[in-house]
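Enquirer: One structure is given below, represented as structure tokens, and several questions about it will come after.
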Amino acid sequence: MADIVGEWLEKYRTAWASNEPDDIRALFTEDATYAGSPFSTDPWRGHDAIVAGWIEHADAPGDYEFEGAPLAYADGIGFVQGQTKYSNGTTYANLWVIHFADDGRATSFVEWYMSPDT
């Protein structure tokens, strides 16, 4: 599996913990899209929208635990499988679909998640 997915995941984890705009921006190309679900009809588009959306929906450090790893990579598309447990007791299974630019930044990110109750 290409290291691109693992390296990107580590940077994502850093951005998730810091919620720093520069950490978030570093993950995505300037015209990237970020969809919080596969059914999103209005994904965040571009750095400004991604940073603003991320900050608006930010998880506070210590409010969650994430375990995840790269699942596959082919033809510029990477997949991450994980599980997020929040301090309020909510747990989600995660599947992330990431389209990569040649420089290792994401051009598209789509998050799929399910709770154990669904």
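Enquirer: Show the residue pairs meeting these rules: Cβ distance below 7 Å; 6+ apart or different chains; first residue within segment 107-118 and polar (S, T, N, Q); second residue part of a strand (DSSP E or B) and open to solvent by 40 Å² or more (accessible area, probe 1.4 Å).
Expert: Final answer for the pair search is Thr107/His99; Ser108/His99; Ser115/Tyr92.
Enquirer: Could I ask something else about it? Just to verify a result, which residue in segment 63-96, among those that are outside any strand (DSSP E or B) and of a type in the set (Asp, Glu), is surrounded by the most Cβ atoms within 10 Å (Cβ to Cβ)? Walk me through how you get there before you give the answer.
Expert: The initial filter retains those residues of segment 63-96 that are outside any strand (DSSP E or B), namely 63, 75-76, 87-90.
Now narrow it down to the ones that are of a type in the set (Asp, Glu): 63, 75.
Numbers: Asp63: 10, Asp75: 7.
Checking each candidate, the answer is Asp63.
Enquirer: Taking the condition of being open to solvent by less than 50 Å² (accessible area, probe 1.4 Å), touching a residue at least 24 places away in the same chain (Cβ under 8 Å) and not aliphatic (A, V, I, L, M), how many residues in segment 52-62 meet it?
Expert: Of the residues in segment 52-62, 2 are open to solvent by less than 50 Å² (accessible area, probe 1.4 Å), touching a residue at least 24 places away in the same chain (Cβ under 8 Å) and not aliphatic (A, V, I, L, M).
Enquirer: Would you pick out the residues in segment 37-63 that are under 21 Å from Tyr92 (Cβ atoms) and touching a Lys or Arg at 6+ places or on another chain (Cβ under 8 Å)?
Expert: The answer is Ile50, and nothing else.
Enquirer: Anything in segment 16-51 that is in a helix (DSSP H, G or I) and buried (at least 20 other Cβ atoms within 10 Å of the Cβ)? List them, or say none.
Expert: If the condition is that a residue be in a helix (DSSP H, G or I) and buried (at least 20 other Cβ atoms within 10 Å of the Cβ), then Ile24, Ile50, Val51 are the ones that fit.
The values are calculated or read from the model by the stated rules, or taken from the named source; none is laboratory data. Note that the structure is a prediction, hence the values are computed from the model and not measured. Reconstructed Cβ throughout: ideal geometry from the backbone, glycine too, with neighbour counts over all protein chains shown. Surface accessibility is based on the protein's heavy atoms, side chains included, excluding ligands, DNA and RNA. Shrake-Rupley method; radii C 1.70, N 1.55, O 1.52, S 1.80 Å.
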